Amino acid sequence: MRRKFLTIGIAMLVVMSIWQVRATDEPAANPKNNLDVAALRKHGAYLVNSLVLCSDCHTPQDEQGMPDRTRQLQGTVLPVRPKKETKNWADESPDITSRGLAGKWSEDGMVKFLGTGIDPDGNKARPPMPAFRMSANDARAVAVYLKSLSGAKGTAGQ
């Protein structure tokens, strides 16, 4: 009987040791590491191109008034003006690809801006840019997608 308990005890120690070793081999729980980057980029592309419609203001128009996809999200003179003069109105939209703001701001800075409307320097979004209140996951997806865009002429739709 004593031998049986000793065998069970040793088996339990072995199982617990294996479990502990496996548990320490797993990466620490970090939301940034747990998300599949390709899926995050795809979600960001959906948000930027289909939901938030960043191209409406950040992509130059061609001769027919359509977005020039060869210069997607590379900034332009804004096609809209306020009816009444508005303080701090932006006449141009910035390049938001990796050659523009996405390359200058850290991912965390972009997430902060898209979640609060406050840029990394502490400034509010200038009209007509809305002060988005995106969730951290959506903002991170947008940041990852924008950072993946080279901004070089002729590389739209990456």
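Every number in this text was worked out from the coordinates using simple rules, so none of it is lab data. Here the structure is a predicted model, which is why all the values come from computation and not from measurement. Backbone-built Cβ (ideal geometry, glycine too); neighbour counts: all protein chains shown.
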With a 10 Å Cβ neighbour count serving as the proxy for reagent exposure, in which order, fewest first, do ASP91, ASP138 appear?
ASP91, ASP138
Between beta-carbons, use under 12 Å as the cut-off and find the net charge around HIS58, counting Lys and Arg +1, Asp and Glu -1.
-3
Diffing region 64-78: the Karplus 3J(HN,Hα) column from phi (6.51, -1.76, 1.60, θ = phi - 60°), in whole Hz with x for Gly and Pro, holds 8, x, 9, x, 7, 5, 6, 10, 4, 6, 9, x, 6, 5, 6
Taking the Cβ of ALA131 as the center, what net charge do the other residues with Cβ under 13 Å away carry, scoring Lys and Arg +1 and Asp and Glu -1?
+3
Here the residues of region 103-140 lying in the modelled label zone of VAL77, meaning backbone nitrogen under 18 Å from a point 7 Å along Cα-to-Cβ, are 128
Tally Lys/Arg at +1 and Asp/Glu at -1 over every other residue whose Cβ is under 15 Å from the Cβ of VAL80; what's the total?
0
Stretched out fully, how many nm does the piece from ASN137 to LYS42 gain, at 0.36 nm a residue minus the Cα gap?
32.9 nm
16 Å Cα-Cα reach of LYS83 towards aspartates and glutamates, excluding residues that sit fewer than 8 places from it in its own chain:
ASP91
Does a label point 7 Å from the Cα of TRP89, set along Cα-to-beta-carbon, have any residues of region 43-61 with amide nitrogen under 20 Å, and which are they?
56-61
Through the Karplus equation 6.51 cos²θ - 1.76 cosθ + 1.60, θ set to phi - 60°, convert the phi angles of region 93-110 into ³J(HN,Hα) values in whole Hz; use x for Gly and Pro.
9, x, 5, 10, 7, 5, 7, x, 4, 5, x, 8, 8, 6, 4, 5, x, 5
